[in-house]
Structures are given as structure tokens and as C-alpha cells.
Amino acid sequence: MTASPLRLIRRAASVEAEVHVPVAIVGGGACGLTAALMLSDAGVDCAVLERDALPSGSTALSSGFIPAPGTRTQRAHGVQGDSAERFAADIQAKAHGRAAPALVEAYAASIGPALDALQERHGLQWMLLDGFLYPGHSVHRMHSLPQRTGASLMAALQAAVEAAGIPVLTQALVDTLVLDAEDRVIGVDYLRPDGSSETLGCDALLLACNGFGGNSEMVRTLLPEMAEATFGGHAGNDGSAILWGEALGARLRDLGGYQGHGSWVTPQGALMSWAVMMEGGVQLDCEGRRFHDETQGYSEAAVHVLAQPGGIAWNVFDAPLLALARGFPDFCEAEAAGALRRCESVAALADCIGCEPSVLQGTLDAMRAGTPPPDGRVFARALEAPYFAVKVTGALFHTQGGLDTAPDMRVLRHDGTPFANLLAAGGAAGGVSGDAVWGYLSGNGLLSAVAGGYIAARTAAALIHSTKASA
């Protein structure tokens, strides 16, 4: 992780720039590319500025799963009874009612149309993950591309952007926002690999850049429980949007919210799907005991795992669950790297973990009991030999707090008034997970990225069209 970068605000009456676009987008992840595609569909030109040589961001490191109600894909699978209202209720239930109500409503209503638009107009072929339910979801609504990876999602979005002829300027590190005396964004300054600085003029700006998970100073201050955690996110998550917001007098929200993960395979450094836990797997400490209810969620599980000696736990499961795990590319990579331990008996599993066989046997026997354990989890069945174990730790993936926005994604000042043409979405903006790790509902990150990008594009297009109409 890195320290805080220098992010500046420059005041000017006008900008001298060779290129001017109606909408500039800072960040080429799922949020920025979704917004670019929607702007193109609306007939509005834009340009995406991306700091890396190849757009990737947090999306490429994720599983690429997006929750959405009422999509063509969901209906084709025969899912009944889902709606934006039901999805919003699930989001708020996971966040204990502490997610921003207006944003929850906006995202829940927009994510279905956003996925349908990406499918119908840009060729992203969604499939519905209907073999299991992620924590907090009351119905099957998790969408992915057939490859089931965030990298494949990014590749599909990049291909769509290229096919649409949308310019994406890579290795363009935006360090300065240019605003006039009336707080209107008129351009951005960005650095090139050779150290030179260039300026892009614009009529509206969307910050779709990042959170602050890669900024060690901000994590230590705002998320002290994650200060020593492995960071499984993108190095570009340096808090740029928050730093610009602070310089502008923008309001910030939910800086204590983040997505952790209690199943980061160590030392291989890969993500193991939480589906294994939801379908009957368990996490054990170094003494062979369970230490939390795994079905509450993988985000808060990070804190529970890190609280164990050495910040280590063991994911324990059996052959049917191994078959499920092998349906996820990240797990297959971890297995190929030597992460999977096969144990033919309880004694062998105890030797693998380094615990007393009698204690481990008691843990496994408790799964067969007719009464729930103290944490309340009810098991449909007990694990059977052979057993499989993977050593894991807790990790920080991405933050959920950021710039406060109106439901149309315009950034808000401290007094609640919006900036006229400055928008933020995805990792740059406060999400819908509330202000704590346990508020994260599976998929909230890509929900805010894709729905936020979709909404921001609609708002920016309306701004540009109204400007043209009044000119």
C-alpha cells in the first residue's frame, strides 16, 4: 500500500487544451467503462482517462459477480418474486438500515436496466448463478459472464468500448481538477509516463476512479482494524477522489465501510469462493474449533479471521464442496499452486491444522447435532471423509466510503447542495454498505460501479443536452 498522493485543485477562467470533450471520465474500471458505453448510446462524446497501461482496477481482481433484480437473464431462469424493492430491502437488512436510503433505491432500480443494456446493446452475455445464495440475498440474482471472473468482465467491457469507438487514454494519471470561480469543472490536468503534463477540457466530469484501500495512511486512520491486513485490491486505490473532495469542500460519507474477505488463500494469494462456506464448509482456528457463523458474510469474516492467532484460519470442506469450489477459476488457480490439502481422516486433518484430534472431532460431531451451536448456524449435513483444507487469512479488498452524492451521482458540498457538473460513482463515491464491514452485501462493489456508472451517464447526458439546447 502507498501513502497519500498529491491531488490538486486548480482555479482558472478557462483552460488551454488541444482536446475538449463533453464528458471526461477519470478511471477505466467497470464504472467508467459502463458510463462511457451509456453516454455513447445517448449520443454524447466522452473520453476515459486511465492511470494504468491496461484498464483493470478493482473489477479485474473481483469475481465479477453483479446482483440485479428483474433482468432478462433472471426472468429466463424462471426466478419469481424479485424486484427492485426486494433487493433494496436485502441491502438495508445487511447494512442494519444504515445504508443511504436514496442511493439504495436508485441503485436497486437501475442495476437491472444497466445489465440489460450491456447485454442488448454491447454483447455482454450474462448468466445467473443459481446453485447457491450468497449471504444476505433472499433470491438468486447474482449475474456473471460465463468465465466467472472479474478479468473477463473487464475484457468484455473493454471490447465493447473499443467497438463503440470510445477513446480510452491509458497511462494518463489525473492529478489536478480544473474549476472556474463558480465551481464548475472545466478540465483536468494529467501526467504522462515521461513526466510531462497535459490538459483535457470538458463540460462535465465523472470521477470513477477509486477508493482508498491502497492508501496505507488512510487505512490506518479510517480502518484501523485493517491496518495490518493483506490488501487484495488494486494499487490504484489511493484515495484520489476523497483528496479532491476534501480540497473542494465536498461532503464525505461512510468512510468506515469496506469489503473485507475472510477467505484469502495464503501464502498463494488467491481468493477462495465463499460459496463453499454457504453450502456447508466451515472455518476452523488453529485449535480445530469454529469461531464464527460463516453464513453471516465473507466481509465481516475478515475481521474474525484476523482476530485468530497469526491471523490464520482453515477452510474445511469435503468432496461435494470441492466439486463446487472447482467451478470457480480463482480456486482452481490456488489449487494448482498447492493450496489444497487432502486428508483421509480426522487424525490426518488434525495433523494438517496442528490441533488435537479430539477437539477437531468434537467440532465435526457438533455439525451432526440436532440443536444449533451457540452461534446459531444450522448445518444441513455433516462433513464426510476425505476432508479438504485450505489455509486462509483475512484481507481488505476495497473501501465503500467516499464522496457523498445525490441519487443522480452529482457530488454534494458540505451544505448538501450539488456541484453543477461534477459527478462521482463506483469506488470514488460512498456506496450502500453503511459505515461498517458487516454492512457489505455480496456484490455491493460492482452494484455501485455498474449502476452508478449507468446513472451518472444519464445525468451527464442530460447536462450536455440541456447545455446544447440553451446555447
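Observations on the model:
- Only one entry of SER197, SER144, SER152 meets the criterion of being among the hydroxyl-bearing types (Ser, Thr, Tyr), within 24 Å of ALA114 (Cα to Cα) and touching a strand residue (DSSP E or B) at 6+ places or on another chain (Cβ under 7 Å), and that entry is SER144.
- Flag for GLY236 being touching a helix residue (DSSP H, G or I) at 6+ places or on another chain (Cβ under 7 Å), open to solvent by less than 10 Å² (accessible area, probe 1.4 Å), in the same structural domain as VAL44 (by the TED database) and not aliphatic (A, V, I, L, M): yes
- Output for segment 239-268, where each listed residue is open to solvent by 20 Å² or more (accessible area, probe 1.4 Å) and among the hydroxyl-bearing types (Ser, Thr, Tyr): THR266
Residue-wise test of (1) open to solvent by less than 10 Å² (accessible area, probe 1.4 Å); (2) charged (D, E, K, R).
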position: HIS143; (1), (2): yes, no
position: ARG148; (1), (2): no, yes
position: THR170; (1), (2): no, no
position: VAL178; (1), (2): yes, no
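- Test result for LEU6, closer than 17 Å to ALA208 by Cα and in contact (Cβ under 8 Å) with a residue 24 or more places away in the chain: no
- Every test in (1) surrounded by fewer than 17 Cβ atoms within 10 Å (Cβ to Cβ); (2) charged (D, E, K, R); (3) within 17 Å of SER58 (Cα to Cα) is passed by ARG220 save one, and that test is (3).
- Residue satisfying condition, being at negative phi and open to solvent by 10 Å² or more (accessible area, probe 1.4 Å), within set GLY427, GLY416, GLY453, GLY439: GLY427
- Residues being out of contact with any Pro (no Cβ under 8 Å at 6 or more places or on another chain), surrounded by 12 or more Cβ atoms within 10 Å (Cβ to Cβ) and over 21 Å from GLY311 (Cβ atoms) - total across segment 353-375: 8
- Scanning segment 35-74 for residues that are closer than 23 Å to ALA241 by Cβ and assigned to a helix (DSSP H, G or I) yields a total of 10.
- Extreme residue, farthest from the chain's Cα centre (by Cα), among residues of segment 400-437 that are within 19 Å of GLY28 (Cβ to Cβ) and not hydrophobic (A, V, I, L, M, F, W, C): GLY402
- Residue satisfying condition, being under 27 Å from the mean Cα position of the chain (by Cα) and more than 22 Å from LEU243 (Cβ to Cβ), within set VAL219, VAL174, VAL168, VAL188: VAL168
- Filtered residue count, segment 1-50, keeping only those that are within 21 Å of ALA460 (Cβ to Cβ) and open to solvent by 70 Å² or more (accessible area, probe 1.4 Å): 4
- From the options SER144, SER152, residue that is touching a Leu at 6+ places or on another chain (Cβ under 8 Å), among the hydroxyl-bearing types (Ser, Thr, Tyr), within 20 Å of ALA76 (Cβ to Cβ) and assigned by the TED database to the domain that holds GLY81: SER144
- Residue count for segment 80-110 satisfying the condition of being modelled with pLDDT of 95 or more and either in a loop (DSSP other than H, G, I, E, B) or hydroxyl-bearing (Ser, Thr, Tyr) (or both): 10.
- You will find that of ALA307, ALA313, ALA336, the residue that is open to solvent by less than 40 Å² (accessible area, probe 1.4 Å) and more than 29 Å from GLY426 (Cα to Cα) is ALA313 and no other.
- Test: residue in segment 187-202 that is open to solvent by 10 Å² or more (accessible area, probe 1.4 Å) and in contact with a helix residue (DSSP H, G or I) (Cβ under 9 Å, 6 or more places away or on another chain): no
- Residue in segment 342-352 that is open to solvent by 20 Å² or more (accessible area, probe 1.4 Å) and in contact (Cβ under 8 Å) with a residue 60 or more places away in the chain present: no
- Residue check: ALA155 meets all listed conditions (1) in contact (Cβ under 8 Å) with a residue 40 or more places away in the chain; (2) under 18 Å from the mean Cα position of the chain (by Cα) but one, namely (1).
- Considering the conditions (1) under 24 Å from LEU145 (Cα atoms); (2) crowded, with 19+ Cβ neighbours inside 10 Å, ARG86 is excluded by exactly one of them, (2).
The values are calculated or read from the model by the stated rules, or taken from the named source; none is laboratory data. None of the values given here were measured: they were computed from a predicted structure. All Cβ positions, glycine included, derive from the backbone under ideal geometry; neighbour counts span all protein chains shown. The protein model used for the area step is the full one, side chains on, heavy atoms only, and it has no ligands, DNA or RNA in it. Shrake-Rupley method; radii C 1.70, N 1.55, O 1.52, S 1.80 Å.
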